[in-house]
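Below is one structure; the comments refer to it alone.
The values are calculated or read from the model by the stated rules, or taken from the named source; none is laboratory data. These numbers come from a predicted model, not from an experiment. Cβ coordinates were reconstructed from backbone atoms using ideal geometry, including for glycine residues, and neighbour counts include every protein chain displayed. Areas reflect the complete protein model, heavy atoms only, side chains present, ligands, DNA and RNA absent. Shrake-Rupley method; radii C 1.70, N 1.55, O 1.52, S 1.80 Å.
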Amino acid sequence: MEQTRRQALAGVAVAGSTALAGCSELSPGFGFGGGTDQQIMLRTLEVGGSDGSTVPHRPPGDPALLDFFASWCPPCRPQMAELRTVNDQFPELHILSISWEENTAAIRQFWREHDGAWPVAQDTALEAADAYGVTRLPTKILLDADGEQRWEHTGLADADTIAEEVADVIR
């Protein structure tokens, strides 16, 4: 009985740390990472600060912050407020949130509920996630003006941490 209780408590601890660290959605072995020299063109949704156009994952010659998220991911919810702060601090930074969910209505609802104010794209083909090896959510990837990956963080990141990394890339 005591052994079963300890196993149950250990399971709860693992689940809790997983929620804080990030959500998992892709199958093991999916994604090879390393970034890409090619432009990935993604269709944005028409909602909030997103106009429904097709955008590059990183405009040529500009730094970019890629935010991989899902509407069902618990740490993705508070991450939106942190990203809004970064967006306000660095209006010149190309921020692109990317979801591989197929449910467009769920993404739009999430975006409205969490006051998204930058482009949000749907990548059901997992092109961007595969290029950067993203297997857990939320994941943020910062690219410099040359397209080199300069920072990656999985899980909830506060605005100050993100802003510090962005400042190093922009300056």
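Pairs, please: C-beta under 6 Å, at least 6 apart or cross-chain, first residue closer than 12 Å to K140 by Cβ and in the stretch 61-90, second β-branched (V, I, T) and assigned to a loop (DSSP other than H, G, I, E, B)?
Close Cβ pairs satisfying both conditions: F68/V134.
Give just the number: which of (1) closer than 16 Å to Q39 by Cα; (2) out of contact with any helix residue (DSSP H, G or I) (no Cβ under 7 Å at 6 or more places or on another chain) does L65 not satisfy?
(2)
Just wondering, is there one or more residues in the stretch 69-80 that are within 18 Å of E164 (Cα to Cα) and under 13 Å from the mean Cα position of the chain (by Cα)?
Yes.
Taking the stretch 128-167 on its own, how many of its residues are among the charged types (D, E, K, R) and under 14 Å from the mean Cα position of the chain (by Cα)? First the steps, then the outcome.
First, pick out the residues of the stretch 128-167 that are among the charged types (D, E, K, R): 130, 136, 140, 144, 146, 148, 150, 152, 158, 160, 164-165.
Okay, now just the ones that are also under 14 Å from the mean Cα position of the chain (by Cα), so 130, 136, 140, 152, 158.
So the answer is 5.
Tell me which residues, restricted to the stretch 101-154, are out of contact with any Lys or Arg (no Cβ under 9 Å at 6 or more places or on another chain) and among the aromatic types (F, W, Y).
The answer is W111, Y132.
Restricting the search to the stretch 54-78, which residues are in a helix (DSSP H, G or I) and open to solvent by less than 30 Å² (accessible area, probe 1.4 Å)?
Result: C76, single match.
Tell me, which strands (runs of 3 or more DSSP E) wholly within the stretch 79-156 include 1 or more residues that are of a type outside the set (S, T, Y), at pLDDT 95 or above and surrounded by 20 or more Cβ atoms within 10 Å (Cβ to Cβ)?
94-99, 120-122, 139-143
Does Q39 fit the bill of being at pLDDT 90 or above and either surrounded by 10 or more Cβ atoms within 10 Å (Cβ to Cβ) or of a type outside the set (V, I, T) (or both)?
Working: at pLDDT 90 or above: yes; either surrounded by 10 or more Cβ atoms within 10 Å (Cβ to Cβ) or of a type outside the set (V, I, T) (or both): yes.
In short, yes.
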